[in-house]
Amino acid sequence: MLERRGAGMRHDRHLRHALIDWFPQARVRAARIAVVGAGAVGNEVVKNLALLGAGAIDVFDFDRVELHNLTRAVFLREADVGAPKASALAARAAEVDPAVRVTAVEGDFWDTLPLAALAGYDCAVAAVDNFEARVRLNRMCRIAGVDFVSAGIDSRLASLEAFPFASNPDCACYECHLPESAYQRIAARYSCGGLRRVAAAERLVPTTAITASVAGALAASAALRLGRDAGDGARRVLFDTIGGGASVAALARRAGCAGCGDLGERPRVLAARAAWRERIAAIADDVAVQTSDPLIVGYACARCGDRSRAGQYVLRRARDFDDRIAICAACGEPAVRIDIRDEFTAAELVRLYPDRPPPAKFAIARAGDGALCLDFETDDQRPQQPQRRPE
Amino acid sequence: MANELTQLKLHVRTADQTRRAELALAPDATGAEIIQAAVDNWALPADTDYALVNVTTGKALAPDATLAASGVRPGDELEVQPVLVAGCKSA
Ligand SMILES: [Zn+2]
Ligand SMILES: [Zn+2]
């Protein structure tokens, strides 16, 4: 009995949960949840997960705390202004329950969370302020077969979308119901098909602690699948915090969806960083391969023909640069023609990248009636930890 | 006359239920067209993205699908919902 004392004390804290006949405390205690976004909603998601006794919570955010965050983010304080959001949140959330492991991962999740590491989570929650990050995380979760939960707010409404990919790989994905206008908003962040736009204006959506707390509660519940069973499909809940009304909608999978249309039921994921040539050689030359990141494959000035700087950009990831590289170094005109693509044949990729994989997160190839995913961040099939930024 | 017979009489509302209307729509109208009409007629914020849910059946309508393809029936109530992200960075 004595050696179990630590666990027993932990258990005592959640004794009241045991009175709820459907509450899966053991499953909650074993749960590993990735929370992407450490703003108002992310704080509320982590708060609820920690209070419920979730096993491990990893918080991903690249941003720093600003004064205006303090009116909605339960764990952030004035002393945190200027500090990385993820670390500030994780440090204080860890105080809620010493048995709950809360870890901060600073940086863009696209750069810090490999597919193989994502596969180790029970759920990833999107609490980020833009469509693009949601689209990316959705696709990663769909490929990895990990539940995806997306939470959103404005000044009055809280929304929750749940995609139970782990048990229902064929369910709708986040993009199946994403309106065209959201894609236009994503496209507005880029020029030339992949370069970051220097002066991309972000829209301002005012929110309050009320909607953030409702969305965070709904998201935490969905992330742990509280009261839900494995037969669930994708759904959206929209809650009106003033009127009290809510609507629940089933989300059906859409043929031709940009997020899941080419993925079949569940793609086979192969580690392809070290074994790049071996993996790509197994794919027929003429098979179409889509890279997760648009790549620069051509760079030449359309006005004067100069391509002296091509070596700096060609074969690299487009989003590592902004649209200022379209200004020609020789003639000074914004006339550089930059060829950016994310669709290749297998043979083209080998020709362009003979000895290392493309600088992308992963690539998708059609394989029979399913899909094959080459994971460029993983050397072998051992699960990876999220990559912490070097100190 | 034939055209009128084939029109669907539907209720449309906003998510906060402050706006409601009864509309007669052709079965080949798309969700996107209904959303655009709601934004125009009710002066909803134009810089917001919207989705459409059939609250009678509890099913979301795919953005590009027609009412007929989405299985919308006469008398159904459709809700125009903003597609939300978690707020936004302060300007
Ligand atoms: Zn989809
Ligand atoms: Zn030039």
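Which condition does A:Arg136 not pass, out of (1) out of contact with any helix residue (DSSP H, G or I) (no Cβ under 8 Å at 6 or more places or on another chain); (2) within 14 Å of chain B (Cβ to nearest Cβ); (3) not acidic (Asp, Glu), if it passes all the others?
(1)
For region A:219-330, please list each of the strands (runs of 3 or more DSSP E) lying entirely inside it that holds at least 2 residues being within 14 Å of another protein chain (Cβ to nearest Cβ) and either within 16 Å of ligand 1 (Cβ to nearest atom) or touching a residue at least 12 places away in the same chain (Cβ under 8 Å) (or both). Outline the logic, then answer.
Details: elements: A:234-240, A:246-251, A:268-271, A:288-301.
Passing ranges, in order: A:234-240, A:246-251.
If you take the residues in region B:43-75 that are assigned to a strand (DSSP E or B) and out of contact with any helix residue (DSSP H, G or I) (no Cβ under 7 Å at 6 or more places or on another chain), which one is farthest from the other protein chains (Cβ to nearest Cβ)?
Keep residues of region B:43-75 that are assigned to a strand (DSSP E or B), which gives B:50-54, B:59-61, B:66.
Next, only the ones that are out of contact with any helix residue (DSSP H, G or I) (no Cβ under 7 Å at 6 or more places or on another chain) stay: B:53-54, B:59, B:66.
Details: B:Val53: 4, B:Asn54: 8, B:Lys59: 5, B:Thr66: 13 Å.
Here the residue is B:Thr66.
I'd like the full set of residues that are more than 13 Å from chain B (Cβ to nearest Cβ) and either under 27 Å from A:Ala117 (Cβ atoms) or crowded, with 16+ Cβ neighbours inside 10 Å (or both), limited to region A:65-77. Can you show your working first?
First, the residues of region A:65-77 that are more than 13 Å from chain B (Cβ to nearest Cβ): A:74-77.
Of everything in region A:65-77, those that are more than 13 Å from chain B (Cβ to nearest Cβ) and either under 27 Å from A:Ala117 (Cβ atoms) or crowded, with 16+ Cβ neighbours inside 10 Å (or both) turn out to be A:Val74, A:Phe75, A:Leu76.
In the set B:Thr57, B:Thr48, which member is among the β-branched types (Val, Ile, Thr) and more than 26 Å from A:Val205 (Cα to Cα)?
B:Thr57 is the lone residue from the list that is among the β-branched types (Val, Ile, Thr) and more than 26 Å from A:Val205 (Cα to Cα).
How many residues are in contact with a strand residue (DSSP E or B) (Cβ under 7 Å, 6 or more places away or on another chain) and either at positive phi or more than 14 Å from every other protein chain (Cβ to nearest Cβ) (or both) if we restrict to region A:156-174? I'd like the intermediate steps shown before the answer.
Initial filter on region A:156-174 (in contact with a strand residue (DSSP E or B) (Cβ under 7 Å, 6 or more places away or on another chain)): A:156-166, A:171-174.
Imposing the further condition that a residue be either at positive phi or more than 14 Å from every other protein chain (Cβ to nearest Cβ) (or both) reduces the set to A:164-166.
Count: 3.
Just give me the residues in region A:324-356 being near ligand 2 (Cβ under 10 Å from one of its atoms) and among the hydrophobic types (A, V, I, L, M, F, W, C), in sequence order.
A:Ile327, A:Cys328, A:Ala329, A:Ala330, A:Cys331, A:Ala335, A:Val336
What single numbered condition from (1) at the interface with another protein chain (Cβ under 8 Å from one of its Cβ atoms); (2) farther than 27 Å from A:Leu118 by Cα; (3) aliphatic (A, V, I, L, M) fails to hold for A:Ile153?
The failed condition is (2).
Within region A:192-212, is there a residue that is within 16 Å of ligand 1 (Cβ to nearest atom) and either under 30 Å from B:Ala65 (Cβ atoms) or more than 10 Å from every other protein chain (Cβ to nearest Cβ) (or both)? I'd like the intermediate steps shown before the answer.
To start, the set of residues in region A:192-212 that are within 16 Å of ligand 1 (Cβ to nearest atom) comprises none.
No; the residues of region A:192-212 include none that is within 16 Å of ligand 1 (Cβ to nearest atom) and either under 30 Å from B:Ala65 (Cβ atoms) or more than 10 Å from every other protein chain (Cβ to nearest Cβ) (or both).
To keep it simple, each residue is scored yes or no on (1) buried (at least 18 other Cβ atoms within 10 Å of the Cβ); (2) free of Cβ contacts under 8 Å to residues at least 40 places away in the same chain.
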residue	(1), (2)
B:Thr6	no, yes
B:Leu23	no, yes
B:Pro27	no, no
B:Thr30	yes, yes
B:Ala38	yes, no
B:Thr48	no, yes
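Which of the residues spanning region B:76-91 are aliphatic (A, V, I, L, M), at the interface with another protein chain (Cβ under 10 Å from one of its Cβ atoms) and surrounded by 15 or more Cβ atoms within 10 Å (Cβ to Cβ)?
First, pick out the residues of region B:76-91 that are aliphatic (A, V, I, L, M): B:78, B:80, B:83-86, B:91.
From what's left, at the interface with another protein chain (Cβ under 10 Å from one of its Cβ atoms): B:83-86, B:91.
Those that are aliphatic (A, V, I, L, M), at the interface with another protein chain (Cβ under 10 Å from one of its Cβ atoms) and surrounded by 15 or more Cβ atoms within 10 Å (Cβ to Cβ): B:Val83, B:Leu84, B:Val85, B:Ala86.
Yes/no matrix, rows are residues, columns are (1) under 21 Å from A:Ala166 (Cα atoms); (2) surrounded by fewer than 24 Cβ atoms within 10 Å (Cβ to Cβ); (3) out of contact with any Phe, Trp or Tyr (no Cβ under 6 Å at 6 or more places or on another chain):
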| position | (1), (2), (3) |
| --- | --- |
| A:Leu19 | no, yes, yes |
| A:Ala26 | yes, yes, yes |
| A:Ala34 | yes, no, no |
| A:Asn43 | no, no, no |
| A:Asp63 | no, yes, yes |
| A:Val81 | no, yes, yes |
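When only residues in region A:131-176 that are assigned to a loop (DSSP other than H, G, I, E, B) and within 12 Å of ligand 1 (Cβ to nearest atom) count, which is surrounded by the fewest Cβ atoms within 10 Å (Cβ to Cβ)?
Residue satisfying both the conditions and the ranking: A:Asp170.
So B:Ala69 clears everything in (1) out of contact with any strand residue (DSSP E or B) (no Cβ under 8 Å at 6 or more places or on another chain); (2) within 30 Å of A:Ile242 (Cβ to Cβ) except one condition, right? Which one?
(2)
Restrict the check to region A:326-339 and report whether at least one residue is closer than 26 Å to A:Met140 by Cβ and assigned by TED's automatic domain parsing to the domain that holds A:Asp286.
First pass over region A:326-339, keeping only residues closer than 26 Å to A:Met140 by Cβ: none.
There is no residue in region A:326-339 that is closer than 26 Å to A:Met140 by Cβ and assigned by TED's automatic domain parsing to the domain that holds A:Asp286.
Taking the condition within 20 Å of A:Ala246 (Cα to Cα) and not aliphatic (A, V, I, L, M), does B:Asp76 pass? Give the steps one after another, and end with the answer.
Numbers: within 20 Å of A:Ala246 (Cα to Cα): yes; not aliphatic (A, V, I, L, M): yes.
Here the answer is yes, as B:Asp76 does meet what is asked.
The values are calculated or read from the model by the stated rules, or taken from the named source; none is laboratory data. None of these values were measured; they are calculated from a predicted model. Every residue, glycine among them, receives a Cβ derived from its backbone with ideal geometry; neighbour counts consider all protein chains shown.
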